[in-house]
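To start, the structure under review is shown below, and the notes come after it.
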Amino acid sequence: MKSWTCIENCGACCKFNLNERSDLDDILNKEDIALINSMTAKDGWCKNLDRENKKCLIYESRPHFCRVNEFSKTFKEYLKSGDKFLIDCCKQHIRSIYGYKSKEMKTFKMVISGK
Ligand code: SF4
Ligand code: SF4
């Protein structure tokens, strides 16, 4: 079974549109939403992302909702499907930001396959 892992130079999940994330309604509290709004640039990208290198500039102190290993446990789909849920989420983010045939998608698929 494939294991989830985050890949370097991706950042596809660092662009927010809370209007399209009704799945987070019961998970994020008011403080989280205020923090996300304060972190989000007008074009939706997180202000803490080094866009050129696609690296988080506050990685060690990033908010709890950016810590996939911990945050995923708050989703019932994760408790049911485990890493498959995380893999599908990453693919969805990568597809919508970079496209299905992007180098990010190829790298992600390669890394989770362990090739
Ligand atoms: S979309 Fe997935 S692989 Fe890409 S940065 Fe986010 S967690 Fe990592
Ligand atoms: S704080 Fe870091 S990990 Fe979280 S969305 Fe912003 S750039 Fe991405």
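See the values below:
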quantity: Those Cys residues of the chain for which no other cysteine Cβ falls under 4.7 Å; calculated: Cys6, Cys10, Cys13, Cys56, Cys66, Cys89, Cys90
quantity: Size of charge dipole - the range 36-115 - debye, nearest 20, with Cβ of Lys, Arg +1 and Asp, Glu -1, no other charges; calculated: 300 debye
quantity: Where N is the number of residues in the range 1-66, Cα Rg divided by 2.2 N^0.38 Å; calculated: 1.18
quantity: Gaussian network model of the chain, Cα within-10 Å springs - most flexible of Lys91, Lys101, Lys47; calculated: Lys101
quantity: Space enclosed by the convex hull of the alpha-carbon atoms of the range 48-115, per residue, Å³; calculated: 110 Å³
quantity: Column: log10 I(q)/I(0), Debye, Cα scatterers of the chain, q = 0.19 Å⁻¹; calculated: -1.16
quantity: Check: the range 66-112 dipole with +1 on Lys, Arg Cβ and -1 on Asp, Glu Cβ, in debye; calculated: 160 debye
quantity: Mean separation of Cα contacts under 8 Å (6+ apart) over length of the range 21-94, as relative contact order %; calculated: 12 percent
quantity: Set of lysines near Lys91 by C-alpha distance (under 21 Å), chain-local residues within fewer than 8 positions excluded; calculated: Lys2, Lys15, Lys54, Lys55, Lys73, Lys76, Lys80, Lys101, Lys103, Lys106, Lys109, Lys115
quantity: The range 1-94, accessible surface, carbon-and-sulfur percent (1.4 angstrom probe); calculated: 50 percent
quantity: Distant-in-sequence amide H partners of Lys55 (H built 1.01 Å from N, under 5 Å); calculated: Asp50
quantity: Over the chain: helical MRE at 222 nm, DSSP H runs n ≥ 4 each giving -39500 (n - 2.57), nearest 500; calculated: -11500 deg cm²/dmol
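The values are calculated or read from the model by the stated rules, or taken from the named source; none is laboratory data. Here the structure is a predicted model, which means the values were calculated and not measured. Positions of Cβ are generated from backbone atoms using ideal geometry, with glycine treated the same way; all protein chains shown enter the neighbour counts. Keep in mind that these areas ignore ligands, DNA and RNA; they rest on the heavy atoms of the full protein, side chains included. Shrake-Rupley method; radii C 1.70, N 1.55, O 1.52, S 1.80 Å.
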